[in-house]
Structure formats: C-alpha cells, structure tokens
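J.: Questions regarding the structure given below will be posed in turn.
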Amino acid sequence: MAKLIVDGKEIDVPPEYTLLQACEAAGAEIPRFCFHERLSIAGNCRMCLVELKGSPKPVASCAWGVRDCRPGPNGEPPVVNTRTPMVRKAREGVMEFLLINHPLDCPICDQGGECDLQDQAMAYGVDASRYADNKRAVEDKYIGPLVKTIMNRCIHCTRCIRFSAEVAGVPELGATGRGEDMEITTYLEHAMSSELQGNVVDLCPVGALTSKPYAFAARPWELTKTEAVDVMDAVGSAIRVDTRGREVMRILPRTNDDVNEEWISDKTRHIIDGLRAQRLDQPYVRENGRLKPASWSQAFAAIAAKVAPAAPDRIGAIAGDLAAVEEMFALKALMTALSSRNLDARQDGAALDPAAGRASYLFNSTIAGIDKADALLIVGANPRREASVLNARIRKRWRAGKFPIALIGEKADLTYSYEYLGAGPETLADVAAGRQGFAETLKKAERPLIILGAGALARPDGAAVAALAAQAAVALGAVKDGWNGFGVLHTAASRVGALDLGFVPVSGGKNAAEMAQAGGLDVLFLLGADEIDVPPGAFVVYIGTHGDSGAHRADVILPGAAYTEKSGIYVNTEGRVQMANRAGFPPGDAREDWAILRALSDALGQKLPYDSLAQLRQAMFRAHPHLQHIDQIAPGTAEDIRKLADRGGTPGKAPFRSPVEDFYLTNPIARASAVMAECSVLAEGRTMSAAE
C-alpha cells in the first residue's frame, strides 16, 4: 500500500491506483468527462485536474499513477489538494474551453436532466464566456438506426471510440482530423454493427450521441423507474424500466458486476416498441376457422368443453422462452391436477435433464468466473449472437492476456481471436480423448472453462454430446476442487427456472417434439411458446402476449402480461435467482399469466390452492426452497458432471449450428418491433456482403 495525503487526510491505497481513484477513496469529488472505470485512460478532457505538491502545474489525476508521486524532501507522503484556488481556477478554465464550441441546445437536447456537462458546468463553470467568435459546426453523421448523432455537442472525450474498440470489440468508431477539425464518425459513415452499440449513448457525457428511437419522447423527471431483469437471453442482465403512465418509454442497464457489469445488448434496450405492437388484449375463440373476440367466461367454457372428455395422456403443456417461474409452477400444478404427464419447456428439443443434477445444466463457473478462467473451449455456441453481454465478458478476459480460446462449431466473428478446431462431435471426441492439440492447453490450465451451447444440445444426439462434453471436462481438469469449468450457455430466459421446477415429461410423458406431432395430443396448452410448430389436430390454448405464431395456431387465446407488466422470478444461465418488478400493466383485458391459470383451473374443476401471487410463491418456495434466495446461486456439484459423463452415448457426425440465426428476431416481442426489424435488415445486408 502507498500513503497519500489528500486534502489533509492521510490514506493508504494500492500503488496501482490513479490519483483520481485515490482522491475518491479519500472522499474527494473529482469531476471527469473522458475517464470511465471500465475503459482505458485517455486523459483528453483535463477536467480532473488536481494540485500535486511539488508539481509546477495541475496534473490530470486520471492519468497520473500513485506510484509516480514523489515523496516530500524528508520522505513525507505525497500531498494532493483538490479544493485549492489553483484547482478551482484550472477547472473553470477547462470548462470555459469545453463550452466555447458547445451549442445552447439544452431545451431541445435528449440528454437534458442527465447530462454530465450540464451538472459540471453548474458546479465548476462561470457565469459568462469571453469567447465571441462563431461556434464550430459539424455535420451530423449516420451511424445506424439506434444511435442519433448531434456532433456539434461532441467534446471529444473518445469514450465511444474506446468502448467500441475495447468492450464491444467492433472498432467502427474513430476520429478524423485534428484539433478543432477533429470529428468522430464510423468508417465511411456506415451503420454500426455491434450488438452492444447502444451503450455508447449511456457513456456519452454530453448529448452528442443519444437514442434515436427514444428521441424527443420524454424527459427523465417524467418517468417512473423500476428495477427489473432482462429476458431477451439467458444472461439475466440487470435493467431499469422507465415508464410514463402505462407506457414503457425506455430500458437502461443497472450495474451488476456479477452479471452484466453496466452493459446491455441492443435487443434488450430497443425492443420497447415491440411491447406496444401486435398485443393480445382480449380473449379469442376460434369459430368456423376464424378467431373471434370472446369474454373470459366464454373462453374458459370452450377450453373446459375440450378438456373434460380428453384422456389425461392426451393433454399436454409447453412453456415458452420468456415465461417466469411462477406461471410455470402454476401450469405444472394444473397439469398434475389433470393427471397429465406431458409437459416440457424445451421447445428446441435441448437434451437437458434435471434428473442429471443441477450442475448438468448450469453455467457452473458463473459469469464473473470467466474473469478467473485461463483457457476456454466453446462447443456449439456463438456467444456473440446468443449472449452478447457474456461475449463481452469473454473478450474482457481475452484482452487481459494469456487466455487461449478454441471453438468447435460454426466459424463466426466473436470479437476475439480463437483457434478453430472443427465443426462437430468428432472434434469434441478428439479433444476429450486428448488427441487434439488444444486438449493439452486445457490440461495445463489451472482453471479451464468449457462452454456448451444450445447448438450442441438441441439436436437428436444432444444427450450424447452433453455426455461427451462432460467427459472432456472431467478428463481435462475443468472439474476439480474449487473450480467447476463445465458451463451450459442457454438461450432462453425461462429454461433454467423450468428445469429447476422439473417442467419436463414425467415418467413416460411426451416431450415438446412428441406433443407437437400430428395426432400427438387432443388438448395442448402453450404458455408463450412461439418457437415450435404445432400441426392441425390438437385443440391449442395459447396464453401469451403477442399475435405471433402461437396465437395464429391457437383455438383459444388467453391474453397474458409481458415481462415488464408482471412481478416475476427468473433464473439465469448460471443459476442465479433474480426478481423482476412490475413496471406497468397489461393492455385491455390481458392479465398476469399465473392469474389466468388460477381462474382456468377453477373452470376446469381443479382449483389451484392460491388466490394471490404471494400465496403462489409460498407454495413454490416450499417445493423449491432455493428459489426464495434472490440474487444467489445454489451451485451444483462436481459429482453431477461425472454422472453426466458416465451416461455415454454415440453422437452423430452432423456439424454444430447455432440456434440463433438472427440476433434481433428471437422472440415474439422482438419480432413485433419495427426497430429490431430495421436492425435485422441491416445485419442481413452485412452478412450477404461478407459472403460475396
């Protein structure tokens, strides 16, 4: 530790700290524009100037290391002052220069109320400018459908450039020109292609980069802010949902260092218009081949008329990818009351079995554990498309150095370099047997990590591939005391919670694929299940939010609540239990899914024993105690991986393929979004250009 005296207060800090970090550790407030804790140091804005005793002029505290400070003549600790007249005058001068070219756009700027420049001009600025010449004018740049540019406001902090190059790994933004002629733009003004580009809006300390879909929609003080959890993938990013009245206006990230740090994907941020479009707001019943509006009692009567004569083994239920744990628990209870054993939450047919133990379907190292890993093998996954925030975490570890990465599956641009080993299970078998060169790298690593994706599991031989991956993990030292490097990367937010509940076929019951076959069932309940095709024959009851494929196939539609319109528990890919709070209310006659199932059970003569969400949760917690521990992970055991490895099986030879073909259109909410559709068209154009 190094000693410093900051504003007369002696403190001990690590020698690798910067002066800015040391001053903040001492309780001093240091203004900044270019400095950001998760980006490299640029030292552009000079707003963080402090007085270092012995220095002839103020120093930029963000770029000056504690270990570079000289002690006093008699060995006294270095002295730093942050509130002297010299510092105040220096900061006023910097602020005056920053405002020389900054336009007076505050009344019409989307950053108003959340602008660092506004706040710091109030705290450190002066009431007049000595500059009388014309302000600099810069042409606004097109950088895509998500980020709006007003480059007259840019103060050249370069946060956006550093984020694109360092965190997102797609270095599309850069600076041209020098001095007053410097401009920040993309290469030839092309649209940005990163799945994380919306984060530059949060990083921009002025209004130069703002959200294009949110432009002129609301002011921050008009909005009600609600903490929630993202369900666009299985990472479970912490988000904040801002609403005005009943309408969701925007979604922003919350800091959670264990999961998403402070980043979210563009799909998470910009599917808001999809929450308003194509919504189901009243029940429908199919009559003479056409869906017609109905009352709740009429819809329930139509369902009861079909369920009553049906044999229990001819009734089934499939849960979708966005379902919360509570409604799946209620649906399972209803199926149990109807004596049905046909239930499944694996629409894609993933070979995941809760009977194999919790570790067999979790990302056991945890997302934060990626930072500790020292070798990585990716099997049948494209993390950039399936979990873009987690992919940024892998890139962060890769940039730290000494992190060899190999891939088995589809070749892809993952924003970091990797060794391509092969396309299918045969290559994985070679790795497990030590016949592949990368196997030795994994063996030598102290904490090797193997990520098994849905592309390897959602196939007929998925169980054999999972066993083979577990064999590789055990043989190569990925599973040992103090470290479990076997990780399953899910693509559905509901999947781990469903497996925890045991929402899978019960002893002889039919799985999702068997239920969806022609003649498989007489009555099929779809709880937001839109990624599976159900041929004619069965009577389909769809409980969901959007007029997507499930609603088109349905004989009865019961309108449910989207994830922002209900309080729900989700379990992310690492097994972390998370609570999402309700930010708004569902439209029209739509109701929360658990309440629909409770009312339906009464109509079917199998009344569920809870009348409120609190009662439902109490019953669920009694059955599955780990679900009551919010933001905690109930880890699996290494023995689960060894048992999975012993299951064996003979995998096929077909290459692994990622299940996510289009990052922007993976669920009903995203497919209802015009913004996501525009992004999808741009991404498809880029893919076709690359192929040519």
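J.: May I ask you to say which residue of Val241, Val170, Val206 is closer than 29 Å to Ala672 by Cβ and surrounded by fewer than 24 Cβ atoms within 10 Å (Cβ to Cβ)? So that I can check it myself, show each step before the final result.
T.: Numbers: Val241 fails: surrounded by fewer than 24 Cβ atoms within 10 Å (Cβ to Cβ); Val206 fails: closer than 29 Å to Ala672 by Cβ.
Sole residue among the options that is closer than 29 Å to Ala672 by Cβ and surrounded by fewer than 24 Cβ atoms within 10 Å (Cβ to Cβ): Val170.
J.: Does at least one position in region 125-146 carry a residue that is open to solvent by 20 Å² or more (accessible area, probe 1.4 Å) and assigned to a helix (DSSP H, G or I)?
T.: no
J.: Then there's this: Of (1) open to solvent by 10 Å² or more (accessible area, probe 1.4 Å); (2) in contact with a strand residue (DSSP E or B) (Cβ under 7 Å, 6 or more places away or on another chain); (3) without any contact (Cβ under 8 Å) to a residue 60 or more places away in the chain; (4) of a type outside the set (D, E, K, R), Pro312 satisfies all except one. Which?
T.: The single condition Pro312 does not satisfy is (2).
J.: Taking region 64-101 as the search range and keeping residues that are under 19 Å from Ala128 (Cα atoms) and basic (Lys, Arg), which one is surrounded by the most Cβ atoms within 10 Å (Cβ to Cβ)?
T.: That would be Arg91.
J.: For Phe621, only one of the following conditions fails: (1) hydrophobic (A, V, I, L, M, F, W, C); (2) touching a Pro at 6+ places or on another chain (Cβ under 7 Å); (3) modelled with pLDDT of 95 or more. What is its number?
T.: With respect to (1) hydrophobic (A, V, I, L, M, F, W, C); (2) touching a Pro at 6+ places or on another chain (Cβ under 7 Å); (3) modelled with pLDDT of 95 or more, Phe621 is out only on (2).
J.: If you go through region 253-286 one residue at a time, how many are within 11 Å of the chain's Cα centre (by Cα) and closer than 22 Å to Ser193 by Cα?
T.: 11
J.: Could you grab me the full set of residues in region 337-354 that are small (Gly, Ala, Ser) and over 25 Å from the mean Cα position of the chain (by Cα)?
T.: Residues of region 337-354 that are small (Gly, Ala, Ser), as a first pass: 337, 339-340, 345, 349-351.
Within region 337-354, Ala337, Ser339, Ser340 qualify.
J.: To continue, here is another question. Looking at this structure, is Asp110 of a type in the set (Asp, Glu), within 33 Å of the chain's Cα centre (by Cα) and either loosely packed, with under 15 Cβ neighbours inside 10 Å or assigned to a loop (DSSP other than H, G, I, E, B) (or both)?
T.: Values: of a type in the set (Asp, Glu): yes; within 33 Å of the chain's Cα centre (by Cα): yes; either loosely packed, with under 15 Cβ neighbours inside 10 Å or assigned to a loop (DSSP other than H, G, I, E, B) (or both): yes.
So Asp110 fits the description; yes.
J.: I've got another one for you. Just give me the residues in region 251-276 being open to solvent by 20 Å² or more (accessible area, probe 1.4 Å) and assigned to a loop (DSSP other than H, G, I, E, B), in sequence order.
T.: Arg254, Thr255, Asp257, Asp258, Glu262, Arg276
J.: Another question, then. Might you let me know whether region 650-658 holds any residue that is open to solvent by 20 Å² or more (accessible area, probe 1.4 Å) and without any contact (Cβ under 8 Å) to a residue 40 or more places away in the chain?
T.: From region 650-658, those open to solvent by 20 Å² or more (accessible area, probe 1.4 Å) are 650-655, 657; that's our starting set.
Those still in the list that are without any contact (Cβ under 8 Å) to a residue 40 or more places away in the chain too: none.
No, because not a single residue in region 650-658 is open to solvent by 20 Å² or more (accessible area, probe 1.4 Å) and without any contact (Cβ under 8 Å) to a residue 40 or more places away in the chain.
J.: Scan Ala634, Ala590 and give me the residue that is small (Gly, Ala, Ser) and either in contact with an Asp or Glu (Cβ under 8 Å, 6 or more places away or on another chain) or open to solvent by 40 Å² or more (accessible area, probe 1.4 Å) (or both).
T.: Working: Ala634 fails: either in contact with an Asp or Glu (Cβ under 8 Å, 6 or more places away or on another chain) or open to solvent by 40 Å² or more (accessible area, probe 1.4 Å) (or both).
Among Ala634, Ala590, only Ala590 is small (Gly, Ala, Ser) and either in contact with an Asp or Glu (Cβ under 8 Å, 6 or more places away or on another chain) or open to solvent by 40 Å² or more (accessible area, probe 1.4 Å) (or both).
J.: When only residues in region 27-41 that are more than 22 Å from Arg88 (Cα to Cα) and among the aliphatic types (A, V, I, L, M) count, which is surrounded by the most Cβ atoms within 10 Å (Cβ to Cβ)?
T.: Checked region 27-41; the qualifying residue surrounded by the most Cβ atoms within 10 Å (Cβ to Cβ) is Leu39.
The values are calculated or read from the model by the stated rules, or taken from the named source; none is laboratory data. Quick caveat: nothing in here was measured; it's all calculated off a predicted structure. Cβ coordinates were reconstructed from backbone atoms using ideal geometry, including for glycine residues, and neighbour counts include every protein chain displayed. To get the accessible areas, we keep the full protein, side chains included, count just its heavy atoms, and leave off ligands, DNA and RNA. Shrake-Rupley method; radii C 1.70, N 1.55, O 1.52, S 1.80 Å.
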